[in-house]
Amino acid sequence: AQTVTQSQPEMSVQEAETVTLSCTYDTSESNYYLFWYKQPPSRQMILVIRQEAYKQQNATENRFSVNFQKAAKSFSLKISDSQLGDTAMYFCAFTPPGNTPLVFGKGTRLSVIA
Amino acid sequence: DAGVIQSPRHEVTEMGQEVTLRCKPISGHNSLFWYRQTMMRGLELLIYFNNNVPIDDSGMPEDRFSAKMPNASFSTLKIQPSEPRDSAVYFCASSPVGGRVEKLFFGSGTQLSVL
């Protein structure tokens, strides 16, 4: 079975600081995709960043970047210069290629403190 | 593009009642997914459809749950009879024709409370 584990149920960070959210996954596939989704209090699911397993370069989207360690099956999210609007639940997700469903972790609740 | 539309946004019902959640996927998308979100279990896949055909319903918790997709623009998730442990947020999501999975678009969810 393919599983995703987020070991930090809750985290907090001071505004303007950097925070890293952890994610590990388990799969026997060699080609797959990894995602981080943000869920603010509005409940909307927002795609933050995506990584394709065959790409060694870590994905970056503005203040969001990932540390993808394929051998260790680790996919952490780094948020730089944290802003109050980053307060949300963050979900790590995984799927093999093709039109197959995403498997999600249980999420990490991040609070950015002024 | 209106996005994935779910209704109702909130539903409060009493134990034993039938509940129907509705979803309109984005026009042209050929896959539709139903997820359930709880504090304890996070986001769980309940069922998904490709071209209106159910592909995998192994995540449906019990026979009390059923889902249909009568056409490409509409899907329902029904719970009959409802129980308090069904209280959760239910999300519908869709993805495009032959779509790469990162094109997964979520609705705003239905917050279900069963008293």
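Structural remarks
- Based on Cα contacts under 8 Å between residues 6+ apart, chain A shows a relative contact order of 37 percent.
- Partners for B:Lys68 among lysines (Cα-Cα distance below 21 Å; same-chain residues under 8 apart left out): B:Lys24, B:Lys78
- Shielding by partners, peptide B:32-41 (average Cβ within 10 angstrom, other chains): 2
- Average projection area in nm² (convex hull over Cα atoms of chain B, one quarter of hull surface): 6.6
- By the equivalent-ellipsoid construction on the alpha carbon gyration tensor, segment B:1-65 comes out with semi-axes of 21, 17, 12 Å, ordered largest to smallest.
- With contacts taken as Cα pairs under 8 Å at a separation of at least 6 residues, chain B carries a relative contact order of 37 percent.
- Working ranking of peptides A:72-80, B:106-114, A:51-59, B:38-46 by packing, defined as the average number of other Cβ atoms within 10 Å per residue, highest first, is B:106-114, A:72-80, B:38-46, A:51-59.
- Peptide A:100-109 is shielded by partner chain Cβ atoms: per residue, an average of 6 of them sit within 10 Å of its Cβ.
- Database remark: amide H of B:Gln17 closer than 5 angstrom to the amide H of B:Ser82 (H placed geometrically; neighbours at sequence offset of 5 or more, or on other chains; Pro and chain starts carry no H).
- In sequence order, segment A:3-14 has phi-based couplings of 10, 10, 10, 10, 7, 10, x, 9, 8, 9, 8, 6 Hz under the Karplus curve 6.51 cos²θ - 1.76 cosθ + 1.60, θ = phi - 60°, and Gly or Pro positions carry x.
- Two numbers describe the Cα atoms of chain A: Rg and Dmax, which are 13.5, 42 Å.
- Set of aspartates and glutamates with alpha-carbon distance to A:Lys55 below 20 Å, sequence-local pairs under 8 removed: A:Asp26, A:Glu29, B:Glu102
Rule-based calculations on the coordinates, nothing more; no lab input. Since we're looking at a predicted model, the values are computed, not measured. Because the Cβ atoms are built from the backbone with ideal geometry, glycine has one as well, and the counts that use them run over all protein chains shown.
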